[in-house]
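The values are calculated or read from the model by the stated rules, or taken from the named source; none is laboratory data. Just so it is clear, the model here is predicted, and its values are computed rather than measured. A quick note on method: Cβ atoms are made from the backbone with ideal geometry, for glycine too, and the neighbour counts reach across all protein chains shown. Note: areas computed on protein heavy atoms with side chains; ligands, DNA, RNA excluded. Shrake-Rupley method; radii C 1.70, N 1.55, O 1.52, S 1.80 Å.
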Amino acid sequence: MAVHRKTQKSLGSYDAKFLGPFTMRQSICLGIGMVPSVLIGYTEYKSGFDLGIIFLTVVIIMAIPLFFAFGEKITYGMKPEDFAKQYYIYRIQAPKIRMYKTNTYDDIMWAQKQKEAAKQQTSGKNGTKASKKKGAEQDEEDQGKKNTKKSGPTKGRFRIYEQKEQIISRFRIRENHERNAENAFLFCIPLQMTHAYLIRKQSAYAERNIHMVLSSNKKKTAKQSVQSSMKVPKSVQDTIPYVRVYDDANTNGGVIEVLNGVFTKSYLICDTNYSDAGALRQDEILKEFEKILATFSTNFSYQITINKRNVDPEEFNRRVLLSLNEDEYDTLRIAHNDLVMEKMQEGNNNLSADKYLTIAVNEENVEAALRQFAIIERDITMKFKKINQIGIKVLSLHDRLEILHDIYNMGSEGSFNSIYDIEAIRKQGISTKDLIGPSCFDFKKGNYFKIDNKYVRVLFMKALPSSLNSDFLEAITSASTNVIASVYYDLQPQDKAVSFVSGQLTNIGGDVVKAQARLTKSGAMPDNISSKLSSAQKDAREFLADLTNGDQLMFHITVVVAVFADNKDDLEMYTDQVITRAKERSVGLSILNEQQEQGFNSVLPLAYNQISAPRIMTTTSASAIQPFSTQELQIKNGFYYGLNQLSKNLIVYNRTYSNNQNGVILGSPGAGKSF
């Protein structure tokens, strides 16, 4: 039985009333909408229009104000104007079906020359001598470049490669582009930037983008970052949500830049036995996890991801099955392997729940970001060691890209190593997105989408209980399919948190006074106010006391879950399974309608949250959404010892790897001790 933590359910869901049952925003929007609707309706009535037409006119005029007034009820807390902007970009402007498309250095250089040639023709029509002279100089420059290049596009458009195998094969074979030996630190950035970077001495196009290498000190503004994140995606590569990656050699782990100036780094969290621990030990783990949450400053954002991924069957069999040696003991090895194969069916041995911590920091350049990562790593490693005795492991760039590759290409696990070649990437100037991307995205539906032939649906945490069970994440990721659950812990500045809660307490107090006045006027007892209002006032008082007198912090918590299936029927079944397991813990999970793409980008271990569905929690309540469950014991070349009683997965161990190789086998009669 897992321990519980009290939440701030009433405070987080309470909206202060301004005019009657309406909030200030709702009152303003309704007022703005009613004025023109009444005027136009009255004018039509005086003009003799039919009442049906007048009613339809008023409804149409009021539709937009109503959306902006009550839109937050259907946009999961996101401001309706932000939701409308995202909907326009991702559901209207962006193509619903996005194919795998890439272009190489030759394509981009050729397109650049075509643009310059078009400018020359435009200038030539103006008849100015300066334009003609510039055009002649450009022709000479283009001719010189043409002589130094071995090949180029032959068609008047980008060459498109709609099949992944074509570009993979092509970059394996072709190695005729110049390698950049001076700045090997940065080897993959957005596609156009990559090609320009690799040959910047040969192209003026590259000179205009030289600020994007490591030595850059120019910081993008927040507005520019938001604008870049809202770019209309038109291909598979555009849909993958990062802009550049950095080599492991100088970063001590894979750094991925998800937005200009936002750098992320991921760590593997080693599990510990939480589910079968006693209440006292569980409480100790949660308190240590509280300290981890309180470690980060507001300059960081961080995400914990549970990725229930497919296990490469060949690798798994090599790890748990005994190999045959063609001797007299092969009969016993075959019997052992048959038993293991039979027991494998009882659990989810084909699935592995990996857990990651991803940290994002906003800095001017990657050097500054690395200094921040180095400081925080030491602290959180020591704190995780108090929970699992191991700490956390830094994920390399290869590891992070392989995780993304396996998510985008389920069923092709284990194939990433055969296509990942840094030298080939550098020489060909392609993007890592060309390696990890699927063949196609299909976003035609609003409540699910497809990656190649896989069906995917994204859910989010909509409702919190008053007391949250600490095995919530384990429960929703225990479905017998691929599931990815991500939790964003957005720490709020303490002064803003106190100001927010104080404001809420004042608003609630005002509503309490109004409610008591109405009750008194009607002859009822003034203490008989609604339970929701009473709970909100109580939560606000306790929350403010914790913030001002205790050691609590305020977090905005966002939980996003992606469910995968092979067909639509299975998707519905697994979705119901996950939602039901959440309901058993009084947590409301809902389908993220019309925001499936943004939700899926948010669930990836990139610490890039693209949805707005936060729930307010303190440090203590946020610690209940923790990743620990059961520590599996599966060692390569080990011997089968039985099943984990919680996960039903195999226990495979090799005692020869221990300092003390002795062992004792205990069990009731007939339990299989002699085997």
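Need one number: convex hull volume per residue for segment 563-654, Cα atoms only, in Å³.
Given the Cα convex hull of segment 563-654, per-residue volume reads 187 Å³.
When the Cα centres of segment 501-554 and segment 439-500 are compared, how far apart do they sit, in Å?
Segment 501-554 and segment 439-500 have Cα centres spaced 30 Å from each other.
Pop the C-beta distance of N252 and S530 into the FRET formula with R0 = 45 Å and round what comes out to the nearest 0.05.
It comes to 0.25.
For segment 370-463, compute the number of Lys pairs whose alpha carbons are separated by less than 15 Å, excluding pairs fewer than 8 positions apart on the same chain.
Value for segment 370-463: 4.
How many nm separate the modelled label positions at E314 and T298, each set 7 Å beyond the Cα in the direction of the Cβ?
Rounded to a tenth, the inter-label distance reads 5.2 nm.
Any idea which of G670, S602, L571 is furthest toward the positive side of the dipole for segment 533-675, if Lys and Arg beta-carbons carry +1 and Asp and Glu beta-carbons -1?
G670
How do 514-526, 653-665, 259-271, 278-290 rank on mean C-beta neighbours within 10 Å, highest first?
259-271, 278-290, 514-526, 653-665
With only alpha-carbon atoms in the gyration tensor, what are the semi-axes of the equivalent ellipsoid for segment 388-500, in Å, largest first?
Three semi-axes, in Å: 33, 22, 17.
Summing +1 for each Lys or Arg and -1 for each Asp or Glu, what net charge is found among the other residues whose Cβ lies under 15 Å from the Cβ of I392?
Net charge in that neighbourhood comes out at +3.
As I understand it, the dipole of segment 238-391 uses +1 on the Cβ of Lys and Arg and -1 on the Cβ of Asp and Glu, about the Cα centre. Which of S352, L339, A279 lies farthest toward its positive end?
Checked the options; the winner is A279.
Taking all protein chains in place and a 1.4 Å probe, what share, in percent, of the accessible surface of segment 260-342 do carbon and sulfur account for?
C and S fraction of accessible area: 53 percent.
Which percent of Cα-Cα pairs in segment 305-403 sits in each 5 Å bin, short to long?
Whole-percent P(r) values from 0 Å outward: 2, 9, 13, 15, 14, 11, 11, 9, 7, 4, 3, 2, 0, 0.
Charges only on Cβ, +1 for Lys and Arg, -1 for Asp and Glu: so what's the dipole of segment 316-408 about the Cα centre, in debye to the nearest 20?
So the dipole magnitude of segment 316-408 works out to roughly 600 debye.
So what's Rg/Rh here for segment 504-544, counting alpha carbon atoms and using the Kirkwood radius for Rh?
1.01
Counting only protein heavy atoms, what percent of the accessible surface of segment 542-675 is carbon or sulfur at a 1.4 Å probe?
48 percent
Fully extended, how many nm does the chain gain between V513 and T122 (0.36 nm per residue separation, minus their Cα-Cα distance)?
Working it through step by step, the gained length comes to 133.6 nm.
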